[in-house]
1. Going through segment 134-183 one residue at a time, which ones are β-branched (Val, Ile, Thr) and in a loop (DSSP other than H, G, I, E, B)?
2. Which condition breaks for Ala152 when tested against (1) among the small types (Gly, Ala, Ser); (2) under 30 Å from Ala180 (Cα atoms); (3) open to solvent by less than 50 Å² (accessible area, probe 1.4 Å); (4) touching a residue at least 60 places away in the same chain (Cβ under 8 Å)?
3. Those residues that are within 29 Å of Arg119 (Cβ to Cβ) and touching a strand residue (DSSP E or B) at 6+ places or on another chain (Cβ under 7 Å), I need them from segment 158-183; list them, please.
4. Can you list the helices (runs of 4 or more DSSP H) lying wholly within segment 33-132 that have 1 or more residues being surrounded by fewer than 13 Cβ atoms within 10 Å (Cβ to Cβ) and modelled with pLDDT of 90 or more?
5. Looking only at segment 114-165, which residues are among the charged types (D, E, K, R), farther than 20 Å from Pro80 by Cα and touching a Gly at 6+ places or on another chain (Cβ under 9 Å)?
Amino acid sequence: MGQSTFGRRRFVALAAVGGAAAVGLPLAGLRRAGPADARTAAVTGTAHTTAATGGAHTTAPAGVDYPALKRALTGRLLRPGDTGYDAAAQPFNAALGTRKPAAIARVATAADVSATIRRVRGRGVPLAARSGGHSYAGFSTPDHGVVVDLAALRNVTVRADGTAVVGAGARLIDVYATLAAHG
């Protein structure tokens, strides 16, 4: 009898499927998928089952209208060939090599985040949030996907009552420095 292993890939695949179930994505009758399939289905919501065949298939919806997305943003949309794209496309973990996202939305506001999600969701393109950018497995920089770069949303504010409001792009050093300045 062979050894059974429960490695990182299996864990990620099961976590993605569990997350998809938690947000209500249809899972009944899905074929056994690899980790990339599970992540794509969980993020884009494109995998679905067919009652007639009992199997799953991925739809091929219209692609993302990148010029329209660029116009919708107050932040910057980086595409391959744009100045700054190559540096922005590098994952934190250099061992992962070069990544080639289809676009990197350097959002400037919460409205930019919403606009990006609305224009990418359901189009068959992986969508990933990049906050601190240090996903060691590279999930925040998917090949052929759209990265929502939250780095500009890094404000940390301490209210008069002592509660802190932390922006989605804040790194721990930002949080520590602000909290330390307020005692």
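1. If the condition is that a residue be β-branched (Val, Ile, Thr) and in a loop (DSSP other than H, G, I, E, B), then Thr141, Thr163 are the ones that fit.
2. Evaluating Ala152 over (1) among the small types (Gly, Ala, Ser); (2) under 30 Å from Ala180 (Cα atoms); (3) open to solvent by less than 50 Å² (accessible area, probe 1.4 Å); (4) touching a residue at least 60 places away in the same chain (Cβ under 8 Å) leaves (3) as the failure.
3. Val165, Val166, Gly167, Ala170, Asp174
4. 66-72, 85-89, 110-120
5. Result: Arg121, Arg154.
The values are calculated or read from the model by the stated rules, or taken from the named source; none is laboratory data. None of the values given here were measured: they were computed from a predicted structure. Cβ atoms come from the backbone with ideal geometry, glycine included; neighbour counts cover every protein chain shown. Ligands, DNA and RNA are stripped out before the accessible areas are found, and what is left, the full protein with its side chains, is counted by its heavy atoms. Shrake-Rupley method; radii C 1.70, N 1.55, O 1.52, S 1.80 Å.
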